[in-house]
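Step one of this worksheet: look at the structure below.
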Amino acid sequence: MNNHILIFFLFISFFTKAQDTLMPVVFLDDVVISELNNGFSVDDFIGYVKNDSTFYLGFKHLRYYEHKYKSELIVYNKKNVKIGTLNRIGTHYSDNKKAFTLDDSIYFDGKIYKKNGEYKLYTPEAFDDVFFPYDTIDVSLQISKKKNPNESQNMRDAKTIGFSIGTDNVEQSKGGIRKKLSIFDVDMQKYYNYTISDTNYNNIPCYVFSVNVKNDIDENQKQKALIRKVVSYFDKSNFNVIYREYKFVYNNWFIKLDMHVLVNLDYVNNIHVPTSIFYNGYWKVLFFKSERTYFKLRLYDYVIQ
């Protein structure tokens with residue numbers, strides 16, 4: 001199973017390597033970022049987007065620093081009727097070397113667990129692996145380029161995709177997924193609109209970089225664009241990513257998926273940390289049951305000295 005569906009983990013993993021190929025063309029909306037006023041060109045900005053490591057480091061802070069969490073997981077059936085719920089409130093403990101989580105309260109109902117206590121679905125198990133390490137784990141702020149020998153190529157691919165916008169540095173897979181992820185590639189630009197604008201987000205002045213599938217392409221063309229939407233808000237003062245939104249849609253004989261993810265980040269004592277994560281997704285892999293879930297995670301009361 002792990003060798004085939006790890007595309008699912010691309011949204012919720014913690015390690016990545018950014019890419020360095022710049023897109024030759026970008027379309028600007030009415031709020032143009034001026035090269036003269038800001039001191040960088042459009043290509044410079046795309047370089048910031050593709051080589052960004054702040055989103056990744058923000059998630060390393062999530063494990064590195066102690067904090068409280070509150071989560072809600074809802075499971076739906078094929079008819080989109082709720083069939084299970086799992087709610088948790090707890091604490092992520094960390095001494096900046098070792099970390100673990102401990103639930104203060106937990107509520108579940110419906111089709112969540114098997115009789116032996118294991119999950120019925122892979123999705124909640126995946127969220128446990130990422131956000132709720134009940135066994136003690138090592139934590140560090142060091143960004144390592146070394147490959148984990150215990151990690152599969154598919155898992156490395158998924159983690160790369162989750163934090164590197166437009167990467168094609170993944171192993172080729174069924175359905176030509178590698179090419180479909182290269183949203184800045186010249187051959188893929190005909191499917192997308194790329195815009196740069198600005199906004200105020202949580203009272204923070206931000207640059208907004210958006211990649212959206214064009215509205216005027218047909219359904220066959222849309223099938224070639226696995227990534228339907230990526231929006232990133234960059235803090236103007238330091239280029240930290242403080243908001244990111246992903247929309248993935250894919251459908252072929254082997255795998256079907258439709259996933260929407262939103263991540264909010266903020267500052268606690270000048271440290272950049274995630275504050276909320278939302279996932280609403282469906283995936284179906286050949287020979288396995290489909291899974292449709294909604295997940296909401298709030299992260300708060302960080303202990304940062």
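None of the figures in this text is laboratory data; all of them are computed from the coordinates on show. Source: prediction; values computed, not measured. FYI the Cβ positions are ideal-geometry reconstructions off the backbone, even for glycines, and counts take in every protein chain you see.
A few remarks follow.
- As a calculated quantity, the FRET efficiency between LYS190 and ARG298 at R0 = 41 Å, using C-beta atoms, amounts to about 0.55.
- Hypothetical label at ILE89: residues of the range 259-277 whose amide nitrogen lies under 14 Å (7 Å Cα-Cβ projection): none
- Taking other residues whose beta carbon is less than 11 angstrom from the beta carbon of TYR302, and scoring Lys, Arg as +1 and Asp, Glu as -1, yields -2.
- Net charge of Cβ neighbours under 13 Å - reference SER71; Lys, Arg +1; Asp, Glu -1: +1
- Its Kirkwood hydrodynamic radius, worked out from the mean inverse distance over all distinct Cα pairs, puts the range 227-291 at 13.6 Å.
- Ordering of 191-197, 243-249 by burial proxy (mean other Cβ atoms within 10 Å per residue, highest first): 243-249, 191-197
- Stretchable slack from SER197 to PHE100, in nm (0.36 nm times residue separation minus alpha-carbon distance): 30.9 nm
- The simple Förster model, with R0 at 22 Å and r as the Cβ-Cβ distance, assigns ASN77 and PHE287 a FRET efficiency of 0.70.
- Net charge of neighbours whose Cβ lies under 12 Å from the Cβ of LYS98, counting Lys and Arg as +1 and Asp and Glu as -1: -2
- Per-pair calculated FRET efficiency, R0 = 22 Å: ASP216 and GLU245 via Cβ, rounded to 0.05: 0.50
- Tensor-based shape of the range 46-87 (alpha-carbon gyration tensor, a/c under 1.5 rounded, otherwise prolate or oblate): oblate
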